[in-house]
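Enquirer: Okay, here's the structure, questions in a sec.
What follows is calculated from the coordinates using simple rules that are stated; it is not laboratory data. Predicted, not measured: the structure shown is a model, and the values here were computed from it. Backbone-built Cβ (ideal geometry, glycine too); neighbour counts: all protein chains shown.
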Amino acid sequence: MRILLVEDEPRMASFIRKGLKQENYCVDLVADGISALQEAEASDYDLIILDIMLPGRDGIYVCRELRKRGLNTPILLLTARDAVEDKVQGLDNGADDYLTKPFSFEEFLARVRSLIRRDSQRKVTRIRIADLELDQLSHEVSRAGTKIPLTAKEYALLEYFMLNPNRVLTRAMLMEHVWDRNFDTLSNSIEVYINFLRKKIDKKFSQPLLHTLYSRGYMLSEEIP
Ligand code: CA
């Protein structure tokens, strides 16, 4: 899952980014409203976390502008002020949720998860394909009841596959959702990680789930595509 974080205060930005990365989210950071508008339109984010008080254009403006342009990515607003007008204004301008600083990181993460889930109409946090299971809360993955330890990147990759089963996922889609913008598109990282992941989830099992579709992309499916 890839998140755009819009926050001008370096310490706050670094705190949030670090915490989200620990939870396996990809995070792109910008520090002002205009960059936020550009980035939000340039990439397909799963969530936008938007501070209200920003230099230049503020978060309310950015929110309104994004909705006007037809973008329906979930938006979580952050502000230092606990003012009712801010909250109402934010929600009226298309934000999905609102959090007042300082906040507990636990609550923040719960809201992030809930917004990403709501967006994809998902109510469950455990996803299952054949005998492969992934728990979005604990980040545990198991196949046929045996736990499979994954690195952060492998987990992020598998989660994206499990949320989009039986669907061809192109390199571009994987890049958009599993890697952040610092990713070198010329490198063979995607293939490398697909191979790591396949070794862990498929190698010891008779039924392969992660398929390569020549020149098209990859698919997670119980059936051979
Ligand atoms: Ca700010």
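Enquirer: Looking at the range 1-15, is at least one residue more than 25 Å from His177 (Cβ to Cβ), touching a Ser or Thr at 6+ places or on another chain (Cβ under 9 Å) and in contact (Cβ under 8 Å) with a residue 24 or more places away in the chain?
Expert: no
Enquirer: Restricting to the range 67-88, give me the number of residues that are away from the ligand (no atom under 16 Å from the Cβ) and more than 20 Å from Ser114 (Cβ to Cβ).
Expert: Counting residues in the range 67-88 that are away from the ligand (no atom under 16 Å from the Cβ) and more than 20 Å from Ser114 (Cβ to Cβ) gives 6.
Enquirer: While we're looking at this one, here's another question. So is Ser35 closer than 20 Å to Arg11 by Cβ, surrounded by fewer than 19 Cβ atoms within 10 Å (Cβ to Cβ) and away from the ligand (no atom under 16 Å from the Cβ) or not?
Expert: No; evaluated as a whole, the condition is false for this residue.
Enquirer: Within the range 74-86, can you find the residues that are crowded, with 19+ Cβ neighbours inside 10 Å and closer than 19 Å to Leu109 by Cα?
Expert: Answer for the range 74-86, where residues must be crowded, with 19+ Cβ neighbours inside 10 Å and closer than 19 Å to Leu109 by Cα: Pro74, Ile75, Leu76, Leu77, Leu78, Thr79.
Enquirer: Scan (1) surrounded by fewer than 19 Cβ atoms within 10 Å (Cβ to Cβ); (2) closer than 28 Å to Ser215 by Cβ; (3) of a type outside the set (A, V, I, L, M, F, W, C) for the single condition Glu154 breaks and write down its number.
Expert: Going through (1) surrounded by fewer than 19 Cβ atoms within 10 Å (Cβ to Cβ); (2) closer than 28 Å to Ser215 by Cβ; (3) of a type outside the set (A, V, I, L, M, F, W, C) one by one, Glu154 breaks only (1).
Enquirer: Moving on to the next point. Please specify each residue of the range 38-62 satisfying the condition of being buried (at least 19 other Cβ atoms within 10 Å of the Cβ) and either more than 19 Å from the chain's Cα centre (by Cα) or within 16 Å of the ligand (Cβ to nearest atom) (or both).
Expert: Residues satisfying the conditions are Ile48, Ile49, Leu50, Asp51, Ile52, Leu54, Gly59, Ile60, Val62.
Enquirer: Still on this structure, I have one more. Taking only the range 10-32 into account, find how many residues are within 15 Å of the ligand (Cβ to nearest atom) and surrounded by 15 or more Cβ atoms within 10 Å (Cβ to Cβ).
Expert: Residues meeting the conditions: 8.
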